[in-house]
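The values are calculated or read from the model by the stated rules, or taken from the named source; none is laboratory data. In this text the structure is predicted, and so the values were computed from the model without any measurement. In this analysis, Cβ positions are derived from the backbone assuming ideal geometry, glycine residues included, and neighbour counts consider all displayed protein chains.
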Amino acid sequence: MTEPVRFEAEDISPQESGRGMVAESAPFVASVERLMIRVRSAKLKDQSQMIDNLQAWIDRAMSGGIDVLRDGDQILGTLDANVGEMIHSRTMLRRIVSPMVGLSLLAGALTVVTVTVSGVEALFLSTPLEIVFAAVIFGIAGSAFTVLLRTVTLQLEYTEKVALFMVGLARPLVGGVLALAVFALFGAGIISLPLVSDQEATTRVAFLAGSGGTGIFAGQLALFAFAFTAGIFEGWLTPRFSRGVARVAGRISSATQ
């Protein structure tokens, strides 16, 4: 009598099973760890509970407590929404106060420099220093206007206090540099408008004359308006320039690896 053929199942060792589970959960774990970094970067006073909760999800994924392939994306979406809502609610005050502090310090420094410059009869490239500095101030004002709008509408993506402070302090200075560039373009004749270039022929703005004054040339006022616009343009240029630099740095890093 012929004995029946027995098919033995392939033995799978616990180590191989564990390695497969870890490999499957690796993308999920990496995403949750990025959320933990995001919470820590926000530097919240009550962040420990959220971090412990995220760590618990990592432990469950690595131990096989959840089906990562089936439910991982849905869980990550929920966790990301919870983290975003928590950070948004906890950082609302600082995202308003910190940029305003930076803007206030910058305004104070500009006030001191303005008073100093107004009492000095100096030339900058054969141009009264007051005119050059006024153009820079208008550029700073334009950029500060953009920062202020994003602050009051809570559009700033930063959550760290120092970063928010530097937004209010440093970014308007970039607007001032752009305004100085616009001033140079008009001064060099690369950009030419009759109202700006022909100062002697333009009329003075009488309502800016004040008591006993002669007022300001309309062309100079137009130049200050262009400087203000250049400052507003900084709010569009800076984020795109930053992303462009990041992309170039990423390509260089990938090419050198």
Is it the case, given these coordinates, that Met92 is touching a residue at least 40 places away in the same chain (Cβ under 8 Å), in contact with a Leu (Cβ under 9 Å, 6 or more places away or on another chain) and not hydroxyl-bearing (Ser, Thr, Tyr)?
yes
Does Ser104 satisfy the criteria of being modelled with pLDDT under 85 and either surrounded by fewer than 17 Cβ atoms within 10 Å (Cβ to Cβ) or not in a helix (DSSP H, G or I) (or both)?
no
Scanning for something modelled with pLDDT under 85, in contact with a Pro (Cβ under 8 Å, 6 or more places away or on another chain), surrounded by 13 or more Cβ atoms within 10 Å (Cβ to Cβ) and farther than 30 Å from Gly139 by Cβ, does the stretch 69-78 turn up at least one residue?
yes
So, in the stretch 21-68, of the ones that are in a loop (DSSP other than H, G, I, E, B) and touching a helix residue (DSSP H, G or I) at 6+ places or on another chain (Cβ under 7 Å), which residue ends up nearest to Asn82 (Cα to Cα)?
Leu44
So if I check each of Phe186, Phe165, which one is surrounded by 14 or more Cβ atoms within 10 Å (Cβ to Cβ), out of contact with any Phe, Trp or Tyr (no Cβ under 7 Å at 6 or more places or on another chain), assigned to a helix (DSSP H, G or I) and at pLDDT 85 or above?
Phe165
From the list Ser41, Ser48, Ser63, Ser98, which one is under 30 Å from Ile140 (Cα atoms), surrounded by fewer than 17 Cβ atoms within 10 Å (Cβ to Cβ) and small (Gly, Ala, Ser)?
Ser41
Answer yes or no: is there a residue in the stretch 119-136 that is out of contact with any strand residue (DSSP E or B) (no Cβ under 9 Å at 6 or more places or on another chain), among the hydrophobic types (A, V, I, L, M, F, W, C) and farther than 30 Å from Phe183 by Cβ.
no
